[in-house]
Amino acid sequence: MKINTFFYCLKQGIRNIFRNILFSLASMATVSACIFLFCMFFSIIMNVKNLVYEAETTVGITVFFDEELDEAGKEAIKQAVLDKGGVKDIKYTSAEEAWESFKEDYLGDKAELLSDAFQDDNPLAHSDSYEIFMVDIEDQQSMAEYISGLSGVREVNYANTVVSALKSANKVISILSIVIISVLFAVSVFLISNTISVAAAFRKRENEIMKLIGATNFMIRAPFVVEGVLIGFIGAALPLAGFYFIYEHINLYLVSQFAGNAISSAFSEIVRLIPVMEIYPVLLMTGLLLGVGMGFFVSFFTIRKHLKV
């Protein structure tokens with residue numbers, strides 16, 4: 001394509017947008033809504049998946065042993081669990097490690113005072129345990145029931161309710177996002193198609209004259225395709241730019257709200273969103289492709305249908 005042909009098509013495409021400014025704005029607004037919702041749902045789904053992953057790697061089945069159980073018995077329990085299958089990792093925590101962890105987590109700088117009080121006495125004696133992590137968190141319940149029936153097991157603790165709820169929520173959000181975005185996509189296609197049809201009607205006489213003086217089908221149709229691409233591009237670029245700042249400010253707000261003490265800082269790790277630059281490149285590329293692709297294909301097929309030249 002020659003450079004002057006490109007600028008001619010671009011100029012005519014922009015002129016078509018302003019000729020049908022109301023239709024064009026409605027099309028851009030609908031595309032923007034579609035892209036913004038795509039960004040919102042995508043970020044929610046990714047953050048929920050990240051929460052599920054974090055939970056799956058930090059929430060396990062804790063197995064406590066009978067006090068009289070020896071090392072061979074503990075090893076037998078470990079082997080039985082591994083033979084059951086579906087286990088990602090097993091970590092052993094001794095009674096001494098459990099006591100040190102308790103002091104660090106709950107007492108912080110005052111841990112030495114408690115150490116002086118108990119000296120060589122460990123309040124968590126016989127609290128050594130296995131921490132078992134499953135490949136699939138949903139297998140926790142069946143594994144916990146299996147372990148409870150093993151000889152030498154005193155107690156089994158596990159909590160998969162939160163993770164299961166997160167997985168269920170993720171499925172619901174995914175389905176809901178697909179439905180809503182599909183509806184908006186259909187509306188966007190309808191509005192862009194109508195915009196191109198109106199533009200073609202306005203320029204029907206002009207196009208007939210161009211055809212008579214030797215203009216190719218490409219030269220006649222290209223401005224309408226450019227119009228559709230511009231509508232899709234602008235409609236995608238605006239929400240993508242806005243979403244970057246909205247997401248970043250929400251993340252900073254959440255972090256600032258839970259800063260200051262140990263409990264709040266720990267909770268901030270849960271509510272902290274994925275850094276914007278880890279998901280924005282995907283959103284930017286996908287959003288622009290959706291917007292431009294929608295504008296291109298809808299305008300291309302619409303003009304072939306409504307402009308018989």
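A cut-off of 5 Å between modelled amide H atoms, ignoring neighbours fewer than 5 places along the same chain, links Val153 with Asp66.
Calculate, for Lys2 and Thr286, the FRET efficiency according to 1/(1 + (r/R0)^6) with r their C-beta to C-beta distance and R0 25 Å; round to the nearest 0.05.
Values: r = 32 Å, r/R0 = 1.29.
Working from the Cβ atoms, E equals 0.20.
Each peptide among 216-227, 69-80 gets the average number of other Cβ atoms lying within 10 Å of its residues, and from highest to lowest they stand as 216-227, 69-80. Round to the nearest 0.05 the FRET efficiency obtained for Glu131 and Lys49 when R0 = 25 Å and r is the Cβ-Cβ distance. Calculated value: 0.60. Taking θ as phi - 60° and the Karplus parameters 6.51, -1.76 and 1.60, the scalar couplings of region 179-185 work out to 5, 5, 5, 5, 5, 5, 4 Hz in sequence order, x denoting glycine and proline.
Each reported figure results from applying straightforward, stated rules to the coordinates on display, with no laboratory input. Please read these numbers as outputs of a predicted model, since none were measured by experiment. Cβ coordinates were reconstructed from backbone atoms using ideal geometry, including for glycine residues, and neighbour counts include every protein chain displayed.
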